[in-house]
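First the structure, in the form of C-alpha cells, and then the observations on it.
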Amino acid sequence: MVMALDIDRTLQFRHGATRVCVGSDLLVEAGRLCREIGGFSRALVVTDDNLAKTYAAPVREALDGAGIASDLAVVPAGEGSKSVEQAEQLYGRLADWQVGRDGLIVAVGGGMVTDLAGFVGATWLRGMATVLCPTTLEADIDAAIGGKTAINHARGKNLIGAFHHPRLVVIDTRCLETLSQRDLVSGLAESVKHAVITGESFFAWHEEQASKILDRDHDTIVSLIEQNIEIKGGFVARDEREESGVRAMLNFGHTIGHAIEAWARYRLRHGECVSLGMVAACRLSEALHLIEGDAATRIEHLLHLLGLPTVLPERVDEHAIWELLKHDKKVVKGSLRFVLIEGMGRPVLRSEVPEAAVRDAIAGLQPGPK
C-alpha cells in the first residue's frame, strides 16, 4: 500500500535537488522513498543514542525491506557530537564497510544529527547521496532544508562546513508527538524568523494560530512546515552559496544567538538562543533608527506568546559574548555583519555597527535582579 503524503515536492537548486515528503507514519516508508530516488545498495544510518531504538529502528527495517542493506552508527546526543572527532569516527565506519557511490548516508534525528551526517556525506568521496529523516520541528523547517552542513569548532558554532543538498528529506509528523514542549517551542524560533524576514502575512498567521501550533494540531503543523519549506527553499534558490547576500537574511537573530549558544556551552537550545538573538537584533535596529512603530514590540510579544525566551535565564559574561562574536563566520573584512530589519519583510545587512550599540543590545538581554 502506498501511503498518502501531506506534502510531496521537489526543491530545485542550481547545485542539486531535494525531494521533500511530509506525512504521518512516514519513517516506515523510508526504504521505498530511497528506492524512488536511486538504485542504492547500502546505507549507513546515523542517529543519536536517544533515538537508536525508537526512530532509527523502523528506518533500518524499511531500508532492509526495500533491499538496501543498512548499518547503524550511534553518536552521543547533544551538540558536542558535532565535532571533528565524531566525523572521523563516521568516516571510519564508511571505510570499514566499503561504502562507495552506490551507498547512502541516512540521518535520523534533530539538527545535530542532520548537520553532522550531512557534513560527512558532503565530504566522503567528495560528496555522496544523503537522506535526512528529521525528528524535531527545528530540523523539519530549517536544518534539513538548504544543504548547509557543518560541525563545530572550539572558537564557534558551524565554523567547519560544506554546502551539500540532501537527495531526500522524509518528515514524519508523528515524531513531533513525542517531542518535549521545550523542544517544540525551540523549533518555532526559526519559523518566527522566517515570518519576520518575509512579511506581514506569515507573521500574522503565527499570531492567529499560536494556540493551535502549541497544541500540535496536525493540519496547523503541516501548514507551518509547508510554509517554512517554501520560504527557506526560496531564499536558498536565489542565493545558494551565500554569494549575493540574499541567503544571509536567514541569519536574522543568529549572530548574537550563536555567541550566546557557544557561551552557554549548548545548555540552551538553539532556538532559545535565536529567539534572544532576534530580540537583540530588533533593539539594534531601533538603536540605528532603522525601524519605528510597533514592529519590535510585536516580534517580542509573539516570541513570548509562543513560550520562547526574550530575556536570558541567567546573567552572561558580556565581554565573553563580544569575544565570541568576533570569531563568528559572518565576519567580513574584519567587520561583524548583522541582519537587521527596517520593518516586517524588510531585512537588511549592516556592517560596521557601533560596538557600543552591540554591547547595549547584549546587556538588554540580561535578567533583572531576583
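The values are calculated or read from the model by the stated rules, or taken from the named source; none is laboratory data. Everything quoted here is computed from the prediction, not taken from an experiment. Positions of Cβ are backbone-derived with ideal geometry, glycine not excepted, and every protein chain shown enters the neighbour counts. Note: accessible area is taken over every heavy atom of the protein model, side chains too, but ligands, DNA and RNA are not part of it. Shrake-Rupley method; radii C 1.70, N 1.55, O 1.52, S 1.80 Å.
Structural remarks
- Cα shape, the range 187-301, gyration tensor, a/c 1.5 rule: rounded
- Shape of the range 224-278, Cα gyration tensor, a/c cut at 1.5: oblate
- Cα lying deepest toward the dipole's positive end in the range 170-236, options LEU224, SER201, SER191, charges on Cβ: SER191
- Per residue, the average separation of C-alpha pairs within less than 8 Å and at least 6 apart gives the range 155-296 a relative contact order of 24 percent.
- Dipole in debye (nearest 20) - the range 284-370, about Cα centre, beta carbon charges: Lys, Arg +1; Asp, Glu -1: 300
- In the range 113-197, the inverse of the mean reciprocal separation of distinct Cα atoms equals 13.6 Å; this is its Kirkwood hydrodynamic radius.
- Rounded to the nearest 5, the antiparallel percentage of DSSP beta bridges internal to the chain is 40%.
- Taking the Cα centre of the range 115-262 as reference, the dipole from Cβ charges on Lys and Arg (+1) and Asp and Glu (-1) amounts to some 680 debye.
- Relative contact order, percent, the chain [alpha-carbon distance under 8 Å, six or more residues apart]: 14
- Gyration tensor (alpha-carbon) shape descriptor, the chain, a/c threshold 1.5: prolate
- Residue-level accessible surface for GLU79, protein heavy atoms, 1.4 Å, Å²: 40
- Highest-fluctuation residue, ASP215, ASP25, ASP115 considered, GNM on the chain with Cα pairs under 10 Å: ASP215
- Accessible surface of the chain, 1.4 Å probe: 48 percent of it comes from carbon and sulfur atoms.
- When only Cα pairs below 8 angstrom with a gap of at least 6 residues are kept, the range 218-370 shows a relative contact order of 25 percent.
- Test item: Cα-centred dipole of the chain, Lys/Arg +1 and Asp/Glu -1 on Cβ, debye: 980
- With the charge dipole of the chain set up from +1 on Lys and Arg Cβ and -1 on Asp and Glu Cβ about the Cα centre, the Cα lying farthest toward the positive end among the listed residues THR136, LEU116, VAL339 is that of LEU116.
- Diffusion coefficient (Stokes-Einstein, Kirkwood radius over C-alpha pairs, 10 °C, 1.306 mPa s) for the range 1-68: 121 µm²/s, rounded to a whole number.
- Comparing LEU116, LEU305, LEU90 in a Gaussian network model of the chain, where Cα atoms under 10 Å apart are tied by springs, the biggest mean-square fluctuation is seen for LEU305.
- With θ taken as phi - 60° and the Karplus curve 6.51 cos²θ - 1.76 cosθ + 1.60 applied, the whole-hertz 3J(HN,Hα) list for the range 244-251 is 9, x, 5, 5, 4, 4, 5, 8 Hz, x standing for glycine and proline.
- Using a probe of 1.4 Å on the protein chains alone, the accessible area found for ARG19 is around 40 Å².
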